[in-house]
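Below: the structure, in structure tokens.
The values are calculated or read from the model by the stated rules, or taken from the named source; none is laboratory data. Please read these numbers as outputs of a predicted model, since none were measured by experiment. Glycine gets a Cβ as well: all are built from the backbone with ideal geometry, and neighbour counts include every protein chain shown. These area figures cover heavy atoms from the full protein model, side chains too; ligands, DNA and RNA do not enter into them. Shrake-Rupley method; radii C 1.70, N 1.55, O 1.52, S 1.80 Å.
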Amino acid sequence: MDTQQQLDDFQRRIDNGEKIEPKDWMPERYRKQLIRIMSQHAHSEIVGMLPEGNWITRAPSLRRKVALLAKVQDEAGHGLYLYSAAETLGISRDELVEQLLDGTAKYSSIFNYPTLTWADMGAVGWLVDGAAIINQVMLTKTSYGPYARAMVRICKEESFHQRQGYEIMLALANGTEAQKQMAQDALNRFWWPSLMMFGPRDEDSPNTEQSMKWKIKKKTNDELRQQFVDQTVPQADILGLTIPDPDLKWNEERGHYDFGEIDWEEFWNVVKGNGPCNLKRLEDRNAAWDNGAWVREAAVAHAEKQAAKRVSKSA
Ligand code: BYC
């Protein structure tokens, strides 16, 4: 049981802006909350490879293929840093992977939407990575040291991802009428799911209040969502594309864009596993795990051989 004295001392450290490190004392709920967020984040990176992996073989040029391949590989790397950072909280990678494969873990709702055209690679980079960066720049200042440090590198790579996506959109938006239409269609399909990435409204977010107190989160879901809208609308204007929201309007008084209501029923449906691609994503991750069994076995056999060699050399 955590004592009141321990809890107070911990809160004082947080209030002073200190980072919490793996061997420091922390409340059990803080540990659990971080494992939850960090593992969902790691799973999102790994599942996030699937909608884009779908287009590697169909990228329209070698340059586009190389950039997309690099982006997808970066996402695998992000997943690995995040699983390692989560392991510092006393949970194993195997447990985390098992929770993903058996469908008990959550990952970002956005990856349960299909990527139907090449323009979707542009929209994902521009909007999905754009939204991810806004959330993750905040997380570079999170109170748990290993998570904050992992985020610094991840954010640098994410900003390359966002730019490669925006550049795809720019090329299409300045292309033929059919290409411009394709870009508009991708924006139409990805706009609302991107706004959903920030999570439920603050008043419906059970985790925000405590996470803000512990400085795990430094901004609320609605604050980050507003920041995303404000940043993205001018970018859509440069592309000459229309954001699919008739209620979108600059509000002089607030100094922010007002925007329409998100379809929360759709959001919760996707979060609960009933989105367009939830089943497919889990099937693909399970197949990748099964098909990779021989690689894991070979790696273990190699490590054992090397260890045996070292023992016989030192004998
Ligand atoms: N999708 O109390 P709330 C990326 C769940 S980008 C699914 O507000 P919290 C990438 C939430 O987990 C994406 N579930 O939660 C980009 C909670 O359920 P549990 C990854 C969602 O944690 C490009 C319940 O709803 N980024 O990786 O305070 C290419 C109530 O929500 C979603 C991160 O993971 C959602 N959109 O705030 C490749 C960043 N939203 O757990 C990859 C780290 C909410 O209580 N995570 N839920 O059963 C966070 O910052 C926060 O977890 C969230 C949610 C803002 C997402």
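Let me know the volume per residue of the alpha-carbon convex hull for the chain, in Å³.
Hull volume over Cα atoms, normalised by residue count, gives 173 Å³.
Suppose R0 equals 35 Å. What FRET efficiency, 1/(1 + (r/R0)^6) with r the Cβ-Cβ distance, do LEU116 and ARG63 give to the nearest 0.05?
After rounding, the FRET efficiency stands at 0.95.
Can you work out the FRET efficiency for the pair VAL233 and ASP15, with r the C-beta to C-beta distance and R0 = 25 Å, to the nearest 0.05? Please list the in-between numbers first.
Working: r = 36 Å, r/R0 = 1.43.
That gives a FRET efficiency of 0.10.
Nearest 0.05, what FRET efficiency do LEU7 and ARG93 give at R0 = 30 Å with Cβ-Cβ as r? Mind dumping the intermediate values first?
Values: r = 30 Å, r/R0 = 0.99.
So, using R0 = 30 Å, E works out to roughly 0.50.
Please list the non-local residues whose amide H lies under 5 Å from the amide H of HIS256, H modeled 1.01 Å from N, same-chain partners needing a gap of 5 or more.
So HIS256 has HN proximity to ASN251.
Compute the length gained on full extension between ASN188 and GLU283: take 0.36 nm times their separation in residues and subtract their Cα-Cα distance, giving the result in nm to one decimal.
31.5 nm
If the cut-off is 20 Å between C-alpha atoms, which aspartates and glutamates fall inside it for LYS23, apart from same-chain ones fewer than 8 positions away?
Here the aspartates and glutamates satisfying the reach criterion relative to LYS23 are ASP2, ASP8, ASP9, ASP15, GLU87.
Just the number please: accessible area per residue for the chain, 1.4 Å probe, all protein chains included, in Å².
On the way: 16180 Å² over 315 residues.
Spelled out: the 1.4 Å probe surface of the chain, per residue, equals 51 Å².
By a straight-distance test (C-alpha under 28 Å), which lysines pair with LYS180 as possible cross-link partners, with residues fewer than eight away in the same chain excluded?
LYS65, LYS71, LYS249
Go ahead and set up a Gaussian network model of the chain, Cα springs under 10 Å, then flag whichever of ILE133, ILE154, ILE56 fluctuates most.
Among ILE133, ILE154, ILE56, the largest mean-square fluctuation in the Gaussian network model of the chain belongs to ILE56.
Starting from the Cα-Cα distance between ALA315 and LEU248, subtract it from 0.36 nm times their residue separation and give me the gain in nm to one decimal.
Working: separation 67, 0.36 × 67 = 24.12 nm, distance 7.40 nm.
Answer, rounded to one decimal: 16.7 nm.
Using 0.36 nm per residue of separation minus the Cα-Cα distance, give me the extension gain between GLU261 and GLN306 in nm, one decimal. Before the final figure, lay out the partial values.
Details: separation 45, 0.36 × 45 = 16.20 nm, distance 5.90 nm.
Taking GLU261 through GLN306 to full extension adds about 10.3 nm, to one decimal.
Using Cα-Cα distances under 8 Å and only pairs 6 or more residues apart, what relative contact order does the chain have, in percent?
Values: 336 pairs, mean separation 57.8, N = 315.
Relative contact order for the chain comes out at 18 percent.
Among the lysines, which have Cα under 18 Å from the Cα of LYS280 when same-chain residues fewer than 8 positions away are ignored?
The qualifying lysines are LYS106, LYS272.
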